[in-house]
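The values are calculated or read from the model by the stated rules, or taken from the named source; none is laboratory data. Keep in mind that what you see is a predicted model, and the values were worked out from it rather than measured. No Cβ is skipped: glycine too gets one built from the backbone with ideal geometry, and neighbour counts run over all protein chains shown.
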Amino acid sequence: MEALLTSTLLVALAEIGDKTQLLSFVLAARLRKPGAIIAGIFVATIANHALAGSVGVWLAQLADPRWLPWITGIAFIVFGLWTLKPDSLDDEPEVGTAGAFVTTTIAFFIAEMGDKTQFATIALGAQFQGALVAVVIGTTLGMMLANVPAVLVGEALAHKLPMQKIRWVAAAGFVLTGVVTLVGATG
């Protein structure tokens, strides 16, 4: 349960203002098919985060168990600092003839590669090795909590949210998780 709740909360907060949320706004405005876009986000996130969480479990098995809490604790603190930097969307997705679902799935999967929420999922997978399914469900739920409203309400929502405060809360959540992990490593 801890893996599920931690994963959901950290990713939901970190995703607000993230480049994949910006992509959700763009896709909603251009494609105007919310059901297909939401389904594409879900499929892309499950695939990406299952891969990322598995990499985290694999890396944890390679690391010395005495060092693992230190590595993941420091990683969470770094993610907290990274969260303070606003993201931007590099390129708008090409729609072509693929349709809203396929376009969203591919664009979202690619946009999530190397993103802070993907790295957070790797760290969460390493931290909660025995609960990979809970981590993937939690991170996916967090992504959906942040992105479904973006698709349904659109960009008008983004201008009404206190983005800087949300980034600070997300950063604090990551840093707190890192500090708790490091304190646990010393005890």
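Please find, within the stretch 90-101, the residue that is farthest from the chain's Cα centre (by Cα) out of those that are surrounded by 15 or more Cβ atoms within 10 Å (Cβ to Cβ) and modelled with pLDDT of 80 or more.
Of everything passing the filter in the stretch 90-101, A100 is farthest from the chain's Cα centre (by Cα).
Go through the residues of the stretch 76-89 one by one and say whether even a single one is at pLDDT below 85 and among the basic types (K, R).
Within the stretch 76-89, one or more residues are at pLDDT below 85 and among the basic types (K, R).
Tell me, which helices (runs of 4 or more DSSP H) lie completely within the stretch 1-77 with 2 or more residues that are under 21 Å from A134 (Cα atoms) and of a type in the set (G, A, S)?
2-15, 34-62
Which one of these does E15 not meet: (1) touching a Gly at 6+ places or on another chain (Cβ under 9 Å); (2) of a type outside the set (A, V, I, L, M); (3) more than 13 Å from T139 (Cα to Cα); (4) modelled with pLDDT under 90?
(3)
Could you tell me whether F119 is more than 20 Å from L9 (Cα to Cα) and modelled with pLDDT of 85 or more?
no
Among the candidates G125, G142, which residue alone is small (G, A, S), modelled with pLDDT of 90 or more and within 30 Å of K33 (Cβ to Cβ)?
When all the criteria are applied, what remains is G142.
Give the residue, chosen from V151, V135, V175, that is surrounded by 20 or more Cβ atoms within 10 Å (Cβ to Cβ), at pLDDT 85 or above and more than 15 Å from the chain's Cα centre (by Cα).
Exactly one of V151, V135, V175 is surrounded by 20 or more Cβ atoms within 10 Å (Cβ to Cβ), at pLDDT 85 or above and more than 15 Å from the chain's Cα centre (by Cα), namely V151.
Can you spot a residue in the stretch 6-15 that is acidic (D, E) and either touching a Ser or Thr at 6+ places or on another chain (Cβ under 8 Å) or closer than 19 Å to A107 by Cβ (or both)?
Yes, because at least one residue in the stretch 6-15 is acidic (D, E) and either touching a Ser or Thr at 6+ places or on another chain (Cβ under 8 Å) or closer than 19 Å to A107 by Cβ (or both).
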